[in-house]
Amino acid sequence: MDKQIKNNLPFYLFQRYDDNPILTTKNWPYPANAVFNPGAVEKDGQTILLARVEDMRGFSHLTRARSPNGFSNWEIDDHPTLTPVEKHNEEQWGIEDPRIIYLADQDKYAVTYVSFSTGGPVVSIAMTDDFSHFERLGCILPPEDKDASLFPCQIGGRYVLIHRPIIRGEAHIWISFSPDLKYWGEHRVLLPVRPGWWDNHRVGLGPPPIETPEGWLIIYHGVRITASGSLYRVGLALLDRDDPGKIIHRSDNWVFGPQVNYEYMGDVPGVTFPTGVIVNQLTGDLRMYYGAADKSIAVATSNLNDILDLLRSKSI
């Protein structure tokens, strides 16, 4: 990263795609109020997004979009891909905000999402190998809980989950462990809110954890209440590879936040909400997919090596 960029952080760590937003309701093959907060993965040479689609009732489902380059020429399913089902009462009011990882030991993709009903939001998991057929594992933690993702591998013989419960009004990022994806324990706060800071009201996981040689990179959102409403911006943290409950670095500054019209004009103004990330393992080039103002999907790019350099040097 050159000197000019380093001297102008946080504005240049991530670069917005020139043709943002990449997906809006105008692209959708059926009526929708909003298209946002997608999970992302690469499969068979294509980028796959599972987008949260809010219908005109205010209920959400997930729909698949595919692209050969992850930026343009999106092919969108002509009907919802994953919808609420009656026998899962926790999905009564919709399913939201997916995060996707590939679990090698299962040889399947795990989609962690929020189920919403009269009981409140809960964390649910569905497994798939083709993004057409899904096996639901159901809700795994009680309400109120959101912003969850599995790690892409077992650590110390256990599955690991990051999530964001709300307890007594507090909204920190937590970490939990499981032997079987069903029973979860050893719950503890991982990243707390920081009173007075840009992330002082609530924090939540963005995309799934990213494995690096130096630890697990966490991209997260932080919320600050302002005179004009909630402001959602993005920060970084690095967790120990073998003990992900241990924080190695956490950015002081936010590194990405609302700046352009499509991030301010929407159903919830002032929101940049990343939920998907794809990294080129050879070059380190990174694509971060995010919901903009709870209305559309956009993408920003960076480089994994630059991010790690800055975290190490505590320049952010």
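Determine whether Tyr264 is aromatic (Phe, Trp, Tyr) and either without any contact (Cβ under 8 Å) to a residue 60 or more places away in the chain or loosely packed, with under 14 Cβ neighbours inside 10 Å (or both). Let's see the steps before the verdict.
Details: aromatic (Phe, Trp, Tyr): yes; either without any contact (Cβ under 8 Å) to a residue 60 or more places away in the chain or loosely packed, with under 14 Cβ neighbours inside 10 Å (or both): yes.
Considered against the rule, which asks whether it is aromatic (Phe, Trp, Tyr) and either without any contact (Cβ under 8 Å) to a residue 60 or more places away in the chain or loosely packed, with under 14 Cβ neighbours inside 10 Å (or both), Tyr264 comes out as yes.
Surrounded by fewer than 17 Cβ atoms within 10 Å (Cβ to Cβ), assigned to a strand (DSSP E or B), of a type in the set (Gly, Ala, Ser) and under 20 Å from the mean Cα position of the chain (by Cα) - does that describe any residue in region 231-243? Within region 231-243 (the criterion being surrounded by fewer than 17 Cβ atoms within 10 Å (Cβ to Cβ), assigned to a strand (DSSP E or B), of a type in the set (Gly, Ala, Ser) and under 20 Å from the mean Cα position of the chain (by Cα)), the answer is no, since none of the residues qualifies.
In the set (1) assigned to a loop (DSSP other than H, G, I, E, B); (2) under 23 Å from Arg16 (Cα atoms), the condition left unmet by Leu217 is number (1). Taken over region 226-252, the criterion of being modelled with pLDDT of 95 or more and within 21 Å of Ala293 (Cα to Cα) is satisfied by Leu231, Tyr232, Arg233, Val234, Gly235, Leu236.
With respect to Gly169, is the statement that it is free of Cβ contacts under 8 Å to residues at least 24 places away in the same chain and not hydrophobic (A, V, I, L, M, F, W, C) true?
Numbers: free of Cβ contacts under 8 Å to residues at least 24 places away in the same chain: yes; not hydrophobic (A, V, I, L, M, F, W, C): yes.
When the stated conditions are applied, Gly169 passes them.
For region 181-209, the set of residues classified as of a type outside the set (Val, Ile, Thr), without any contact (Cβ under 8 Å) to a residue 24 or more places away in the chain and within 18 Å of Pro142 (Cβ to Cβ) consists of Tyr183, Gly185, Glu186, His187, listed by residue number.
Regarding Gly215, is this residue at positive phi, out of contact with any Leu (no Cβ under 9 Å at 6 or more places or on another chain) and of a type outside the set (Lys, Arg)?
Numbers: at positive phi: yes; out of contact with any Leu (no Cβ under 9 Å at 6 or more places or on another chain): no; of a type outside the set (Lys, Arg): yes.
Spelling it out, it is not the case that Gly215 is at positive phi, out of contact with any Leu (no Cβ under 9 Å at 6 or more places or on another chain) and of a type outside the set (Lys, Arg).
For region 51-99: of the residues being among the aromatic types (Phe, Trp, Tyr) and touching a strand residue (DSSP E or B) at 6+ places or on another chain (Cβ under 7 Å), which is nearest to Asp18 (Cα to Cα)? Outline the logic, then answer.
We begin by selecting, within region 51-99, every residue among the aromatic types (Phe, Trp, Tyr); these are 59, 71, 74, 93.
This time we only want the ones that are touching a strand residue (DSSP E or B) at 6+ places or on another chain (Cβ under 7 Å), so: 59, 71, 74.
Details: Phe59: 31, Phe71: 10, Trp74: 16 Å.
So, considering only residues that are among the aromatic types (Phe, Trp, Tyr) and touching a strand residue (DSSP E or B) at 6+ places or on another chain (Cβ under 7 Å), the one nearest to Asp18 (Cα to Cα) is Phe71.
A count restricted to region 154-186 and to residues that are surrounded by 14 or more Cβ atoms within 10 Å (Cβ to Cβ) and not aliphatic (A, V, I, L, M) stands at 12.
Across region 68-103, the qualifying residues are those that are more than 19 Å from the chain's Cα centre (by Cα) and part of a strand (DSSP E or B), and the one among them that is nearest to Arg136 (Cα to Cα) is Ile76. The condition of being at pLDDT 95 or above, under 26 Å from Arg224 (Cβ atoms) and among the aliphatic types (A, V, I, L, M) holds for only one of Val189, Val160, that being Val189. So, in region 267-316, of the ones that are of a type in the set (A, V, I, L, M, F, W, C) and in a loop (DSSP other than H, G, I, E, B), which residue ends up surrounded by the most Cβ atoms within 10 Å (Cβ to Cβ)? Among residues in region 267-316 that are of a type in the set (A, V, I, L, M, F, W, C) and in a loop (DSSP other than H, G, I, E, B), the one surrounded by the most Cβ atoms within 10 Å (Cβ to Cβ) is Ala293.
Filtering region 21-58 to residues that are among the β-branched types (Val, Ile, Thr) and either touching a helix residue (DSSP H, G or I) at 6+ places or on another chain (Cβ under 9 Å) or surrounded by 20 or more Cβ atoms within 10 Å (Cβ to Cβ) (or both) leaves Ile22, Thr24, Val35, Val41, Thr47, Ile48, Val53.
Would you check which residues across region 105-127 are in contact with a His (Cβ under 8 Å, 6 or more places away or on another chain) and not hydroxyl-bearing (Ser, Thr, Tyr) and list them?
If we filter region 105-127 for residues that are in contact with a His (Cβ under 8 Å, 6 or more places away or on another chain), which is where we start, we get 115, 123-124.
Residue satisfying the conditions is Val123 alone.
The values are calculated or read from the model by the stated rules, or taken from the named source; none is laboratory data. Computed from a predicted model, the values in this text were never measured in an experiment. Virtual Cβ from ideal backbone geometry, glycine too; neighbours counted across all protein chains shown.
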